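Let me begin by presenting the structure, written as structure tokens, before commenting on it.
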2 protein chains.
Amino acid sequence: MRKPVEISDLDAGHPIAIQKETLHDQVANRIRDLIIEGYLEPGSRIDETKLVQQLGVSRTPFREALRTLAAEGLIVIRPSKGSIVRKLTREDVYSMLEVLAHLERLSGELACQRASDEEIDDLLKLHGEMLVLYEKRDRLPYYKLNQEFHSRLSELSGNETLLRHQGMIQAQLKRIRFIGNRKPEYWAKAVSEHNEMADALKARDGARLGEVMSRHLMNTWDRVKDIV
Amino acid sequence: MRKPVEISDLDAGHPIAIQKETLHDQVANRIRDLIIEGYLEPGSRIDETKLVQQLGVSRTPFREALRTLAAEGLIVIRPSKGSIVRKLTREDVYSMLEVLAHLERLSGELACQRASDEEIDDLLKLHGEMLVLYEKRDRLPYYKLNQEFHSRLSELSGNETLLRHQGMIQAQLKRIRFIGNRKPEYWAKAVSEHNEMADALKARDGARLGEVMSRHLMNTWDRVKDIV
DNA sequence: TATCCTCATTTTGTATACAGAATACATGAA
DNA sequence: TTCATGTATTCTGTATACAAAATGAGGATA
């Protein structure tokens, strides 16, 4: 027999609670995806009338969503002149990578201090799977696992603020990194760096892990510097 | 005779252009101040009806402002249940300080690499003025100059993204730091650390400057840990 | 008394309406 | 033609209206 539903079970976040996403949030997520996937080009105007019709919502939640995206740095609202998708300059991208690399370093250091042996083992197991995919040159699954590897490593830092700010910068760079990833010539290097990370993690050598992670990220610059 | 006004002079940002702040932005700034100054207590509900009346605006720009503040992490919007001023947990504060300290370190390192001799001299001059105020135990002017010192040092990093993320975390911590600053017993220590910073800056020793700045900020934890 | 139900009230989320600003267009002068 | 000026149209910002959800106050029942 099933345990009866308690009031406390209905709190937000609990699996039983049906999640009601407001229109605002749905719209924000949708537009975010449109930007990341390249349907809305950087620098182009966001046609309120058109998008509102296509999404089937009124202007109120739509404009609220724009405010959110503006605060996230994905779009720019020019008073009385409409909104445009933010176009990152070369300097923007470099400064973001610089900060992100530095945050990755902190992730690495904290993860070595705070992760449990089990958590580290799990991550090393994931690393092993990535190696297998690399041998098979199985690009897309590798890419997915790579993202998971990095996000899980960051989680091991046990620092919500760190996670949040990494996430914000990642979101802004996602589009441009995606374009940069079409060049395959950096894969071998990336894998060797991942091996270094695995070693450092195994040894809980925070300084080393942090250094590799930071260096690893800064490679991104080589991949994207020609497209900004 | 005055130089005639050129078209290019009318670009946004130029002193001649009249600045028109939207209601939305004004409201966001206003509420931000109310939170930082403690008129809106952490955890308390934000009474839309009341505030809208007091501010003399309609709900539309008001709610847009809330979205902005939510994205900044100053308030929490609970769907269908109203908004509350975000109440930082102990963990929130510690994680923010941890990240902020790490970002300060980066500021220091970059500033040593990138600042001009003149910029460094100006900052050292400012440091000198702070020492004078410390000798006179002139608390408030010292506090103001201290803020300017840190923000100008960060600017010398030449990294807009760094500045932005530092600013976001600072805004969230501002209220609680203000409360913590009522204890005066850390002043001497702070001044000695500032001396260290000045030395490192003079020598353009980025690693050392970064280390001191990070340590300097982590002192904040001692001042605020009892009030969260 | 405590718990549940019902209904009135308030609050929230979304849509729409309207005014003012920006933009596009067209007409006329040099 | 090119530029300037005035006008129509579109778009943006704000207010208001309305529906749905949440809250709160009785009152009935055990």
Quiz item: If you find the alpha carbon centre of the range A:203-228 and of the range A:62-116, how far apart are they in angstrom?
Solution: 18
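Run through the range A:132-196 and list the trypsin sites (Lys or Arg not before Pro) located in a DSSP loop whose Cβ has at most 11 other Cβ atoms within 10 Å.
In loop regions of the range A:132-196 (DSSP not H, G, I, E or B), the sparsely surrounded trypsin sites (Lys or Arg not before Pro) are A:K136, A:R137, A:R182.
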Quiz prompt | For B:K202, inter-copy label distances in nm, listed shortest first [label point 7 Å out on the Cα-Cβ vector] | solution = 4.9
Quiz item: If you stretched the chain out fully between A:S116 and A:D222, how much longer would it get, using 0.36 nm times the residue separation minus the C-alpha to C-alpha distance?
Solution: 34.7 nm
Self-check item: Heavy-atom accessible surface of the range B:90-227: percent carbon and sulfur, 1.4 Å
Solution: 51
Practice problem: Determine which residues of the range B:68-103 fall in the zone a paramagnetic label at B:D47 would reach in this model, i.e. backbone nitrogen under 19 Å from the point 7 Å along Cα→Cβ. | Solution: B:76, B:78, B:81-86
Self-check item: Nearest beta-carbon to the A/B symmetry axis - residue in chain A, distance in Å
Solution: A:A71, 2
Quiz item: Which distances, in nm and shortest first, link the B:D122 label point to the same label point in every other copy, taking 7 Å along Cα→Cβ?
Solution: 5.0
Practice problem: Run the 1.4 Å probe and let me know the accessible area of B:D25, rounded to the nearest 10 Å². | Solution: 50
Quiz item: Where q = 0.06, 0.07, 0.10, 0.11 Å⁻¹, what log10 of I(q)/I(0) comes from the Debye formula for the protein assembly as shown, counting one point per Cα?
Solution: -0.31, -0.43, -0.90, -1.10
Quiz item: In a shell of Cβ-Cβ distance under 10 Å around A:M96, excluding A:M96 itself, what net charge do Lys and Arg (+1) and Asp and Glu (-1) give?
Solution: -3
Quiz prompt | Separation in nanometres of the label points that stand 7 Å from Cα toward Cβ, at A:E21 and B:E185 | solution = 5.1
Quiz item: 222 nm [θ] for chain B, helices only, -39500 (n - 2.57) per DSSP H run of 4+, per residue, to 500?
Solution: -22500 deg cm²/dmol
Quiz item: What accessible surface, in Å², does a 1.4 Å probe find on A:H216, ignoring ligands, DNA and RNA and rounding to the nearest 10?
Solution: 30
Quiz item: Counting other Cβ atoms within 10 Å of each Cβ, which GluC sites (Glu not before Pro) in the range A:163-216 have at most 16 and sit in a DSSP loop?
Solution: A:E185
Exercise. Report the semi-axes of the equivalent ellipsoid for the range B:81-150 in whole Å, largest first, where each axis is √(5λ) for an eigenvalue λ of the Cα gyration tensor.
Key: 31, 20, 11
Practice problem: Return the lysines within reach of B:K20: Cα separation strictly under 24 angstrom, same-chain partners fewer than 8 residues apart disregarded; answer none if there are no such residues. | Solution: A:K81, A:K87
Quiz item: Suppose R0 equals 60 Å; then what is the FRET efficiency for B:E135 and A:D138 from their Cβ-Cβ distance, rounded to the nearest 0.05?
Solution: 0.30
Quiz item: Highest GNM mean-square fluctuation, chain B, Cα pairs closer than 10 Å: which of B:L100, B:L123, B:L140?
Solution: B:L140
Quiz item: With labels modelled as points extended 7 Å from the Cα through the Cβ direction, what inter-label distance (nm, one decimal) is found for B:S58 paired with B:N29?
Solution: 2.3
Quiz prompt | Accessible area that becomes buried as A packs against B, both chains, 1.4 Å probe, Å², nearest 100 | solution = 2700
Exercise. Could you work out the local net charge near B:Y142, counting Lys and Arg as +1, Asp and Glu as -1, over the other residues with Cβ closer than 12 Å to its Cβ?
Key: 0
Quiz item: Taking a temperature of 25 °C and a viscosity of 0.890 mPa s, what whole-number D in µm²/s does Stokes-Einstein yield for chain B with Rh from Kirkwood over alpha carbon pairs?
Solution: 123
Self-check item: Calculated label separations, A:P184, copies of the chain, 7 Å along the beta-carbon direction, nm
Solution: 7.0
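The values are calculated or read from the model by the stated rules, or taken from the named source; none is laboratory data. These numbers come from a predicted model, not from an experiment. Positions of Cβ are generated from backbone atoms using ideal geometry, with glycine treated the same way; all protein chains shown enter the neighbour counts. Please note that ligands, DNA and RNA were not included when accessible areas were found on the heavy atoms of the full protein model with its side chains. Shrake-Rupley method; radii C 1.70, N 1.55, O 1.52, S 1.80 Å.
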